[in-house]
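Quick notes on the structure that follows.
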Amino acid sequence: MTELDHLIVFLPGPPESAPPGLELGAGMRHDGQGTRNRRIGFAAAFVELLWIDEPDAERASGLGFAARCARQAYPFGVVLRGTRPPGAFRDYTVPGGPTLALHDGTSEMPFLGVLLMSDDELAARVPRPLPAHPNGATGIDDVVLSGAEPPPFGLPGVTVTPGPTAACVRLTGAGEVEFR
């Protein structure tokens, strides 16, 4: 079984502000990956706004995030948790963190990873404390990614469609938010 853990929005630099009605968590630096993030957290999933803060470490990581942050590759990603879907994956261990199965797709596909963790480890990943969002949003219903080459398997909670490059996140109790 797999489910959505988080959507990644690759950015050229730190976000100036949160989308209207939502709160940004403090975020963290990803040691060994050369990236930082801010998160829009919910009980079961989150949106990660990610940018590069140490280019040499990012290059050494082999993750290829620089092209995505520079908008030279598809600028959104999906991380699932649970069972590894079929297809070409390679294992990547986050320095000091979990192991992910990363899909070997094209740069026109969303970045795709699957957290390979126990149920206890997965439960510990939920960002706490969770901010109260002014718009009343309490979760992510689903995500629509447009403008990407679809992966060769389905993504739980995520639909890939043609159209201009964007990510639309439908929120529980609060409409939707779009990232471009």
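Filter the stretch 126-146 down to the residues that are farther than 18 Å from Val79 by Cα and among the small types (Gly, Ala, Ser), then identify the one that is nearest to the chain's Cα centre (by Cα).
Top of the filtered list is Ala137.
Could you look through the stretch 91-113, keep only residues that are in contact with a His (Cβ under 9 Å, 6 or more places away or on another chain) and modelled with pLDDT under 95, and pick out the one that is surrounded by the fewest Cβ atoms within 10 Å (Cβ to Cβ)?
For the stretch 91-113, the residue satisfying everything is Pro95.
Which of the residues belonging to the stretch 149-180 are over 15 Å from the mean Cα position of the chain (by Cα), surrounded by 14 or more Cβ atoms within 10 Å (Cβ to Cβ) and not in a strand (DSSP E or B)?
Result: Pro150, Pro151, Thr165, Ala174.
Condition test on Arg59, is it in contact with a strand residue (DSSP E or B) (Cβ under 7 Å, 6 or more places away or on another chain) and farther than 23 Å from Pro164 by Cβ?
In short, no.
So for the stretch 9-31 (the condition being in contact with an Asp or Glu (Cβ under 8 Å, 6 or more places away or on another chain) and not basic (Lys, Arg)), does at least one residue qualify?
Yes, the stretch 9-31 has at least one match.
What's the total number of residues in the stretch 43-90 that are surrounded by fewer than 17 Cβ atoms within 10 Å (Cβ to Cβ), of a type in the set (A, V, I, L, M) and modelled with pLDDT under 95?
Final tally of qualifying residues: 3.
The values are calculated or read from the model by the stated rules, or taken from the named source; none is laboratory data. Everything numeric here is computed off the predicted structure, so don't read it as measured data. So basically every Cβ, Gly included, is an ideal-geometry build from the backbone, and we count neighbours across all protein chains shown.
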